[in-house]
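Asks: Let me begin by handing over the structure; questions about it come next.
The values are calculated or read from the model by the stated rules, or taken from the named source; none is laboratory data. Predicted model only: the values in this text are computed from it and were never measured. Using ideal geometry, Cβ is built from the backbone for each residue, glycine included, and neighbour counts are taken over all protein chains shown. Just so you know, the surface numbers come from the protein's heavy atoms only, side chains and all, with ligands and any DNA or RNA stripped out. Shrake-Rupley method; radii C 1.70, N 1.55, O 1.52, S 1.80 Å.
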Amino acid sequence: MKYGIVGGGIAGLTAAYRLQQRGHEVALFEARPQLGGQAGTFEVGGNRLEVFYHHLFSGDSDVIGLIDEMGLGERMSWRESKVGFYHGGRIDNFVTPGDLLRFGAVSPIDRVRLGLVGLYLRRQKDWRRYEGLTAQEWIKKWAGKRNYDVVWGPLLRGKFGSRAGDVSMVWFWGKIFLRFASRGGGVSQKERLGYLMGSFGLLIDALADRLRQAGARVEAGRAVERIVVEEGRASGLQLAGGETVPCDAVIATVPNAAFLEIAPFLPDDYAGLLRKVQYQWASALVLALKQSLSPIYWLNISDPEIPFVGAIEHTNYIEPAQYGGLNILYLSNYVEESSPVVGMSIDELSDYYLPHLTKINPAFSRDWIVDRWLFKDPAGQPVITTNYGASIPSHETPVPGLYLANTTQIYPEDRGLNYSVRLGDKIASIAAA
Ligand SMILES: Cc1cc2nc3c(=O)[nH]c(=O)nc-3n(C[C@H](O)[C@H](O)[C@H](O)COP(=O)(O)OP(=O)(O)OC[C@H]3O[C@@H](n4cnc5c(N)ncnc54)[C@H](O)[C@@H]3O)c2cc1C
């Protein structure tokens, strides 16, 4: 069989690799100039870095397994995370139960409630009971209004904007349940996060190299314009520029809107499911700084005056020496398509964000900035609403020989490298059956 794969992110590359291992021919096309999708990289200070901050949790066994399989296991480094919370003009550490007890933004009673809710959720395996509930109503009921207003509400709004109130409790459960799996059991144990030294781009490269060495066509900068259907069956890919690549089956790993564009022939009921899912844009302003902004790696921002949701200082996790001594700071946001942030240039966004950095560190000055970059992705985060499970489109589309595997089909877990690798494995098995 010859398979045409649309999308050169980790899901598309994994699917292509698994099919090739089964003896099939594959041809993979990626629209952007480089492979990697949301895990794409760029160069900074003589090394590579993800366009969006990336780390793994210890429970991410599928992607860790793939990294080992590619011979990159020795490059994995597991390090303690430094998580903080900015609220009311101060930064609190937010890692251990001791930090929680000292967390001054809420009252002692609310701190206890916050801790108990976390303890409770990390023991709940049955997520189905949360399907009909919003995270907002559950948190307000069990953790209390103040904890919602100060802690979880701002974080939900940061990720889902005005849709925060619609987000399913299953999504919130997943964040707590899976996150604590990363701490290896003990409640007081510190979290360790995994990074592939040299960037996750090494995994992308290794997959592409193996595919090419075994004769596959793997091309970036080649958008698929249309999936060709003949006699009711997917039979090829029409590329930008006019070339048509014949194949026996097609696997699309692109977001829903991109899939609808290249497969306009999909019947209404299936297309309706694809249209139903909304996405938040992801945006990251990346700064290379002469000095460090704070001692925290992952700083959650709970302040309505500050227009970004996270200040992620990568070099408080991976040492600046890896990047020519520069300090790398991501200012992260997830916004609706209608948000002005989507259309802002790097200068406009810098003017919008940078004045707020002195709240985190009063000494910050624009002179610290050596370089800066702006990255955006329209399909950064699918919005997981209540009863989401009932309307997930199937991997097998109504068109024979045409398959879909994208981040909207990961549930009850949330999107992440691990789940896109799992998706790639799964779609290869389904399509080759
Ligand atoms: C801000 C942010 C932070 C993240 N942090 C982490 C993290 O810390 N840890 C973690 O595990 N995960 C993280 N993730 C998630 C992880 O990066 C994604 O889940 C994963 O990379 C998705 O891979 P994918 O292949 O499923 O999709 P994508 O990477 O989106 O790949 C789909 C590809 O299809 C291409 N495409 C679209 N249309 C066409 C077309 N017509 N023709 C050809 N190609 C097309 C796109 O350009 C894209 O490259 C993060 C994501 C974001 C946005």
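Asks: May I ask you to say which residue of Leu349, Leu285 is more than 17 Å from the chain's Cα centre (by Cα) and over 24 Å from Tyr148 (Cα atoms)?
Replies: On the way: Leu285 fails: more than 17 Å from the chain's Cα centre (by Cα).
None of the other options fit; the residue is Leu349.
Asks: Taking the residues in region 300-337 that are among the aliphatic types (A, V, I, L, M) and away from the ligand (no atom under 15 Å from the Cβ) as candidates, determine which candidate is surrounded by the most Cβ atoms within 10 Å (Cβ to Cβ).
Replies: Of everything passing the filter in region 300-337, Leu326 is surrounded by the most Cβ atoms within 10 Å (Cβ to Cβ).
Asks: So which of Ser292, Ser350 is surrounded by fewer than 23 Cβ atoms within 10 Å (Cβ to Cβ), at pLDDT 95 or above and assigned to a loop (DSSP other than H, G, I, E, B)?
Replies: Numbers: Ser350 fails: assigned to a loop (DSSP other than H, G, I, E, B).
Going through Ser292, Ser350 in turn, the sole match is Ser292.
Asks: Can you pull out the residues in region 271-299 that are over 22 Å from Val51 (Cβ atoms) and of a type in the set (A, V, I, L, M)?
Replies: Ala271, Leu273, Leu274, Val277
Asks: Filter region 315-351 down to the residues that are out of contact with any strand residue (DSSP E or B) (no Cβ under 9 Å at 6 or more places or on another chain) and on the phi < 0 side of the Ramachandran plot and list them by number.
Replies: Those that are out of contact with any strand residue (DSSP E or B) (no Cβ under 9 Å at 6 or more places or on another chain) and on the phi < 0 side of the Ramachandran plot: Glu319, Ala321, Ser338, Pro340, Gly343, Asp347, Glu348, Asp351.
Asks: Has region 92-108 got any residue that is modelled with pLDDT under 95, farther than 20 Å from Lys175 by Cα, among the β-branched types (Val, Ile, Thr) and surrounded by fewer than 20 Cβ atoms within 10 Å (Cβ to Cβ)?
Replies: no
Asks: Here is a further query. Filter region 129-149 for residues that are in contact (Cβ under 8 Å) with a residue 40 or more places away in the chain, surrounded by fewer than 20 Cβ atoms within 10 Å (Cβ to Cβ) and either farther than 24 Å from Ala390 by Cα or not small (Gly, Ala, Ser) (or both) and give the result.
Replies: Matches in region 129-149: Glu131, Leu133, Arg146.
Asks: Now for a different question. For region 69-79, name all the residues that are open to solvent by less than 40 Å² (accessible area, probe 1.4 Å) and under 23 Å from Ser332 (Cβ atoms).
Replies: Ser77
Asks: Among Leu119, Leu156, Leu66, which is assigned to a helix (DSSP H, G or I), open to solvent by less than 30 Å² (accessible area, probe 1.4 Å) and modelled with pLDDT under 95?
Replies: Details: Leu119 fails: open to solvent by less than 30 Å² (accessible area, probe 1.4 Å); Leu66 fails: modelled with pLDDT under 95.
Just a single option satisfies the conditions, and that option is Leu156.
Asks: Which of the residues spanning region 208-232 are open to solvent by 30 Å² or more (accessible area, probe 1.4 Å), touching a helix residue (DSSP H, G or I) at 6+ places or on another chain (Cβ under 7 Å) and either more than 21 Å from Gly23 (Cβ to Cβ) or within 10 Å of the ligand (Cβ to nearest atom) (or both)?
Replies: Within region 208-232, Glu225, Arg226 meet the criteria.
Asks: Among the listed residues Asn361, Asn406, identify the single one that is more than 24 Å from Ile67 (Cβ to Cβ) and in contact (Cβ under 8 Å) with a residue 60 or more places away in the chain.
Replies: Sole residue among the options that is more than 24 Å from Ile67 (Cβ to Cβ) and in contact (Cβ under 8 Å) with a residue 60 or more places away in the chain: Asn361.
Asks: Output the residues belonging to region 248-265 that are open to solvent by 10 Å² or more (accessible area, probe 1.4 Å) and more than 10 Å from the ligand (Cβ to nearest atom).
Replies: Asp248, Leu260, Pro264, Phe265, listed by residue number.
Asks: Just the residues that are within 16 Å of the chain's Cα centre (by Cα) and either modelled with pLDDT under 95 or not in a helix (DSSP H, G or I) (or both), please, taken from region 197-210.
Replies: Correct list: Ser199, Phe200.
Asks: Separate question: Could you tell me whether Ser235 is hydroxyl-bearing (Ser, Thr, Tyr), open to solvent by 10 Å² or more (accessible area, probe 1.4 Å), in the same structural domain as Asp425 (by TED's automatic domain parsing) and more than 16 Å from the ligand (Cβ to nearest atom)? Quick ask: steps written out before the conclusion?
Replies: Working: hydroxyl-bearing (Ser, Thr, Tyr): yes; open to solvent by 10 Å² or more (accessible area, probe 1.4 Å): yes; in the same structural domain as Asp425 (by TED's automatic domain parsing): yes; more than 16 Å from the ligand (Cβ to nearest atom): yes.
Taking the combined requirement at face value, the residue satisfies it.
Asks: Counting only residues that are aliphatic (A, V, I, L, M) and more than 21 Å from the chain's Cα centre (by Cα), how many does region 288-314 have?
Replies: 4
Asks: Please enumerate the residues belonging to region 46-59 that are open to solvent by 40 Å² or more (accessible area, probe 1.4 Å) and either in a loop (DSSP other than H, G, I, E, B) or near the ligand (Cβ under 6 Å from one of its atoms) (or both).
Replies: Listed by number, the residues that qualify are Gly46, Ser58, Gly59.
Asks: Kindly provide the set of residues from region 17-40 that are outside any loop (DSSP other than H, G, I, E, B) and either away from the ligand (no atom under 11 Å from the Cβ) or surrounded by fewer than 18 Cβ atoms within 10 Å (Cβ to Cβ) (or both), ordered by number. Full working, then the answer.
Replies: Restricting attention to region 17-40, the residues satisfying the condition of being outside any loop (DSSP other than H, G, I, E, B) are 17-21, 25-30, 37-39.
Listed by number, the residues that qualify are Tyr17, Arg18, Leu19, Gln20, Gln21, Glu25, Val26, Ala27.
Asks: Return the residues of region 393-412 that are open to solvent by 50 Å² or more (accessible area, probe 1.4 Å) and either within 16 Å of the ligand (Cβ to nearest atom) or in contact with a strand residue (DSSP E or B) (Cβ under 7 Å, 6 or more places away or on another chain) (or both); say none if nothing qualifies.
Replies: Scanning region 393-412 gives Glu396, Pro400.
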